[in-house]
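Working notes, structure below.
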Amino acid sequence: MKIPPILQPAQPGERPEIIYPCAWTYTVIGEDQQHLHQAIVAACSPQEVLVSPSRRSSKGRYVSVNAELVVPDEAVRLAIYERLKMSAAVKLVL
């Protein structure tokens, strides 16, 4: 079974079209992995999310984790992004 790409090509200067529902990964950076995990689960609720460690900064101050889930549409994808950005535990969302 061939899985369709989530991004359809766009003309230069145009946004690509994302085909929903699709798998989406947020990379979330903060100082404490446990607090990040809690913030991600809360922001993604009621969607199920898989949180996995990604990297640690060279001095060990910051940690990044990946949050993987299936988003049903753009509104949900953007709402989760905004909730993550507003969390005190989160320094940056990619």
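A short reminder: the numbers here are calculations on the coordinates, not readings from a lab. Computed from a predicted structure; not experimentally measured. Every residue, glycine as well, gets a Cβ built from its backbone with ideal geometry; the counts of neighbours run over all protein chains shown.
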Completion exercise
Taking the stretch 46-81 and keeping only residues that are farther than 13 Å from L92 by Cβ and either touching a Lys or Arg at 6+ places or on another chain (Cβ under 9 Å) or of a type in the set (D, E) (or both), one is left with E48, E68, V71, D73, E74
Completion exercise
Taking first residues from the stretch 16-44 that are without any contact (Cβ under 8 Å) to a residue 40 or more places away in the chain and second residues anywhere that are of a type in the set (G, A, S), the pairs with Cβ under 6 Å that are 6 or more apart or on different chains are P16/A10
Exercise for the section: Go through the stretch 21-62 and give me each residue that's within 12 Å of S87 (Cβ to Cβ) and β-branched (V, I, T). Expected result: V28, I29, I40, V41
Exercise for the section: Given the conditions (1) of a type outside the set (S, T, Y); (2) in contact with a Ser or Thr (Cβ under 8 Å, 6 or more places away or on another chain); (3) farther than 18 Å from G30 by Cβ, report the number of the one that E68 does not fulfil. Expected result: (3)
